[in-house]
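Presented below is the structure to which this report refers.
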Amino acid sequence: MHRTPPLAASTDNCSMTSAKRPLPLVASRPGAPASPERKRFDQLVAKIDKARARLAAWREQLPQLAALRAARSTALIDEANRLRRALAQRLDEMAAEPGWTRTERRTLGELVCELAGGLVEAGLDDEAGSMKALFNRHADLDYDSGTREDLQAMKAMIEAASGVDLGDEEAASAEELMQRARERLGAAAEAEAAAEPPPRRRDRPNAAQARREAEAKAATQSLREVFRKLASALHPDRSSDAADHERRTGLMQRVNQAYAANDLLALLTLQLEIEQIDGEHLAGAPPQRIRHFNKVLGEQLAEIEAEIVDCEVQVCADFGLAPGRPLDPTKLQPLVERERAELKAVVATLEHEIAATRQRDTAKRWLKAQKQALREMAADSWPF
């Protein structure tokens, strides 16, 4: 049986980092070889510029993908669900007819439960609950009782594996149960950490630890130093007239946004814009200072790349693709066309199955094939 494909997922989870192309931040001194720190700085600037452009493309394309998917797939999804309801009702009618063997009646009941239960699980039952009623008519255990039993078994498994008591209150869904498990596990970890004796304090950190702490502190100070220089130069109180006040206010808003996002590259770009620094000034910065910049830029690049991965994972989940598959945000339309072709095939299969149930001889052959398919499905299925 064919389960309901999901409609377009929300694209709001993919956050946006400014995609404005930065001004050139590095200008090598004529004849002077670049230091390793400068080379690393140049590489990071180029990578951030490229990553920002890619993230901007994702941000632009995801809403268009959602709109295209809704326009191309929604009607087919609705038709497939209508046919699933019609097939479930037809199988229910067949089960009430004489002339079926015990095995065939059992197969009919299993097929009704598979179709009707899938629609109920997906939240696609009608207001009268007709699909749940069909399920209950043919199942050994009614839908709600079966769901409670499944959740209890899932709860027992989680408790046995984690050693955490999830309480006696019934969960309404597997998602609610998993959320409760995460909260209880987090609370247990905090309690365990609080109960442990504090680690023995070292008289002094080792050299590697001290170096890492010093570098992290210096990187933060470098970011703060650039921010302070900009804030001092751009303060609106220093404006000469209304137009200058408006310009300073706009620039200061960009400074505040960049500083809040730890966006060193944007702050350095703003310094270039207001001529606080130039390429020669930056090229002549001491290696220690460039290393501090590199640490902040490396963290900034990692954040942008993580946002890109979030977008890719979202699309993979929406279209049933293997996680980690490289995707080009400008070439996503074929995914919609592939999904549309699959939905057309689902609709055609359901229409064929309904037609097969109209005649007794074709219905018997179809039931025999479905019985085998149900056995294979049961062999491959997980408990939850």
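Each value in this text was obtained by applying a stated rule to the coordinates, not by laboratory testing. This one's a predicted model, so the numbers in the text were calculated from it and none came from an experiment. All Cβ positions, even for glycine, are placed from backbone atoms using ideal geometry, and neighbour counts span all protein chains on display.
Sort HIS292, HIS352, HIS138, HIS245 so the one with the fewest other Cβ atoms within 10 Å of its own Cβ comes first.
HIS352, HIS245, HIS138, HIS292
Taking each residue as 0.36 nm, the span from GLU192 to LYS368 lengthens on full extension beyond its C-alpha to C-alpha distance by 57.7 nm. Note on ARG238 and ALA345: the model spin-label points, each 7 Å out from Cα along the C-beta direction, lie 6.6 nm apart.
The packing ranking of peptides 358-365, 109-116, highest mean first, is 109-116, 358-365, where packing means the average number of other beta carbon atoms within 10 angstrom of each residue. Each peptide in 367-375, 318-326 was scored by the mean count of other Cβ atoms within 10 Å over its residues; highest first, the order is 367-375, 318-326. Full extension of the segment from GLU149 to ALA67, taken as 0.36 nm per residue of separation minus the current Cα-Cα distance, would add 25.6 nm. Taking other C-beta atoms within 10 Å as the exposure proxy, THR107, THR101, THR269 rank THR101, THR269, THR107 from fewest upward. Here the spin labels are modelled as points 7 Å beyond Cα on the Cα-Cβ line, and at ASP126 and CYS316 they lie 4.1 nm apart. Short to long, the 5 Å bins of the Cα pair-distance histogram for the range 24-171 hold 2, 7, 10, 10, 8, 8, 8, 8, 9, 6, 5, 5, 4, 4, 3, 2, 1, 0, 0, 0 percent of all pairs. Ordering SER130, SER73 from the fewest to the most neighbouring beta carbons within 10 Å gives SER130, SER73.
Quick one: net charge around ALA95, please, counting Lys, Arg +1 and Asp, Glu -1 for every other residue with C-beta under 15 Å from its C-beta. Within the 15 Å Cβ shell, the charges total +1.
Take the Cα of GLU176, step 7 Å toward its Cβ, do the same at ALA57, and the gap between the two points is 4.4 nm. The per residue volume of the convex hull around the alpha-carbon atoms of the range 142-189 is 59 Å³.
When you restrict to C-alpha pairs under 8 Å that are six or more residues apart and normalise by the size of the range 142-189, the relative contact order lands at 36 percent.
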